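Below is one structure; the comments refer to it alone.
None of the figures in this text is laboratory data; all of them are computed from the coordinates on show. Given the structure is predicted, the values throughout are model-derived calculations rather than measurements. As a convention, Cβ positions derive from the backbone with ideal geometry for all residues, glycine included, and neighbour counts pool all protein chains shown.
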Amino acid sequence: MASPLQNRIVGTVIVLALAVIILPDLLTGKNYQPEEDFQVSPLRPEVDTQMRRPEFPDNFDELTERNEAAYEGDVVDDQLDHEVDQGLREVAEAQLGERAGRDPANAERASSEQAAPVVEGEAWAIQLGAFRNADRVAELVTELRGQGFAAYSRVVRNSSGDTLTLLLVGPDINRERLEAQLPRLLEVVKLQGRIVEYEPAR
């Protein structure tokens, strides 16, 4: 059996061990729990999924009416004898190629959509015709630009609702300068042009 001295020593060691473990918690007054590192993801924001009804002013229909340009003139068919001489076309393409090779800005401008330049105030343009075939107009615009003319096209509707593409040269604020170009245009594209008031694209 164990001696009473051994029992006292073992008892004292156990009491001391319990005192070292329990007394700090009792004296501080709070239970110590180690904090775990964790990351909190932000909550997904709430999205309003209800469709809102648009609010329009009372006179909305009056404000949104568009006035489409009406064309009352004659329509030039591609099958008429207004075809451009093949030799002139080749010369124009060669000149356009030379310009595009010398100046990258010209190549970009020639390949871009034929938009009318912006002119403020009263201006004039030469209308060479109205075509049903937009591809033919694009060829003529390229050819005219190759010859040094400021050509562009515009899409309009005639009174019967057909879509036509106008072939125009200009605009210019000097009407006499445009009138001086008419004989050369007749020679190049075999189309009789007429001076019209320039209308900027809407």
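Only residues that are touching a residue at least 12 places away in the same chain (Cβ under 8 Å) and part of a loop (DSSP other than H, G, I, E, B) were counted in the range 145-164, giving 5. The number of residues in the range 159-188 that are surrounded by 15 or more Cβ atoms within 10 Å (Cβ to Cβ) and in contact with an Asp or Glu (Cβ under 7 Å, 6 or more places away or on another chain) comes to 1. Picking from residues in the range 137-158 that are under 27 Å from the mean Cα position of the chain (by Cα) and more than 19 Å from residue 199 (Cβ to Cβ), the one that is surrounded by the fewest Cβ atoms within 10 Å (Cβ to Cβ) is 139. Taking the range 165-202 as the region of interest, how many residues are hydrophobic (A, V, I, L, M, F, W, C), in contact with a strand residue (DSSP E or B) (Cβ under 6 Å, 6 or more places away or on another chain) and not in a strand (DSSP E or B)? Residues flagged as hydrophobic (A, V, I, L, M, F, W, C), in contact with a strand residue (DSSP E or B) (Cβ under 6 Å, 6 or more places away or on another chain) and not in a strand (DSSP E or B) within the range 165-202 amount to 2.
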